[in-house]
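For reference, the structure discussed in these notes is given below.
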Amino acid sequence: MELSPEEYGAYWRASIRVAAGLLVVFFGLRLTSPLRTHPEVGASALGVVLLVVLVLAGTFVAVLGLARVVRTAVDAES
């Protein structure tokens, strides 16, 4: 797979997006853990809502990056 400098940069930017999305999901799990395990219902509900929002955001960023990686690879093969 021969990449031009522009394609190479796009590939690495997309790879960084995938990694950033995974980090958002990972840290979302870690940071909301105390809230989700709290005995109060309100705190637990807030923890679950925050977790859902962070997982959706992280997944969205990771999928955008993955789509760009695949598009760059397909364009490089053409």
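Nothing in this text is a laboratory measurement; each read-out follows from the coordinates by a stated rule. This one's a predicted model, so the numbers in the text were calculated from it and none came from an experiment. Don't worry about glycine lacking a Cβ; one is built from the backbone with ideal geometry, like all the others, and counts go over all protein chains shown.
Note on the chain: along the principal axes its Cα atoms extend 56, 14, 13 Å, ordered by decreasing extent. Note: relative contact order over the chain, using C-alpha pairs below 8 Å and six or more positions apart, is 49 percent.
Computed from the C-beta positions of HIS38 and VAL63 and an R0 of 30 Å, the FRET efficiency is 0.45 to the nearest 0.05.
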